[in-house]
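Inspection log for the structure reproduced underneath, given as structure tokens.
Read-outs throughout are calculated quantities, based only on the coordinates presented, and are distinct from any laboratory measurement. Model, not experiment: these values are computed from the prediction. Glycine gets a Cβ as well: all are built from the backbone with ideal geometry, and neighbour counts include every protein chain shown.
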Amino acid sequence: MWKNKGYYFPKDIGLLAGLFILLVYYSLLLRFASIQDILNRITRLKNSPKKRDSIIDPEIMLDKVWRGCNFFLRRVFRSTKPCLRRSLVMYDLCCRYGIKTNIIIGICKEGTSINGHSWILIDGIPFKDDIELIRKYTPMLER
């Protein structure tokens, strides 16, 4: 087995392929559905049977998902603002695996522009997001 940047090949190829498919899915869905509808679809996963037994360490899996999303969104999709799609994928997978999570979408006014940001909380703690950055944003939607 070959290891590169925390990924084991060929073992993690399925994870990376799944991430790519989810990112394409949410990229398309964001064009045709409201955020509220998308979150309602994902939230239904919370009530479905959990796959928690199939992951050894949720922290390692979430780190791989975070880094994989960043890679695909920045290098393949060429996105300068990956936070919403990344947060949707993270929220989706956390719901599927029964990991207690919340997604927050907030806005912040800087000068004459209004900026948006989304992030997830795992057990009430922001996952891989700067707390000082998050404090600037006013939450508009939390699920």
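Odds and ends about this structure:
- Of the DSSP H helices in the chain, those with a Cα length along their own long axis of 27 Å or more and a mean Kyte-Doolittle hydropathy reaching -0.5 comprise 13-32.
- Of Ser118, Ser27, Ser48, the one that fluctuates the most in a GNM where the chain has Cα springs shorter than 10 Å: Ser48
- Cα gyration tensor category, rounded, prolate or oblate, for region 58-127 with a/c compared to 1.5: oblate
- For the pair Leu28 and Arg41, label points projected 7 Å from Cα toward Cβ lie 1.0 nm apart.
- Calculated [θ] (222 nm, deg cm²/dmol) that DSSP helices of n ≥ 4 give over the chain, each run adding -39,500 (n - 2.57): -13500 deg cm²/dmol
- Note on the chain: lysine pairs with Cα distance below 15 Å, sequence gap of 8 or more or different chains, count 9.
- Maximal additional length on extending the Ile125-Cys108 stretch stands at 4.1 nm, based on 0.36 nm per residue less the C-alpha distance.
- Scattering from region 2-142 was approximated by placing one identical point on each alpha carbon and applying the Debye formula without solvent; log10 I(q)/I(0) at 0.14, 0.19 1/Å stands at -0.68, -1.26.
- Taken as Cα centroids, region 19-39 and region 84-143 sit 16 Å apart, rounded to the nearest whole angstrom.
- Debye, to nearest 20: dipole size of the chain, +1 on Lys, Arg Cβ, -1 on Asp, Glu Cβ: 380
- Restricting region 1-104 to trypsin sites (Lys or Arg not before Pro) that sit in a DSSP loop and have at most 10 other Cβ atoms within 10 Å of their own Cβ leaves Lys5, Arg78.
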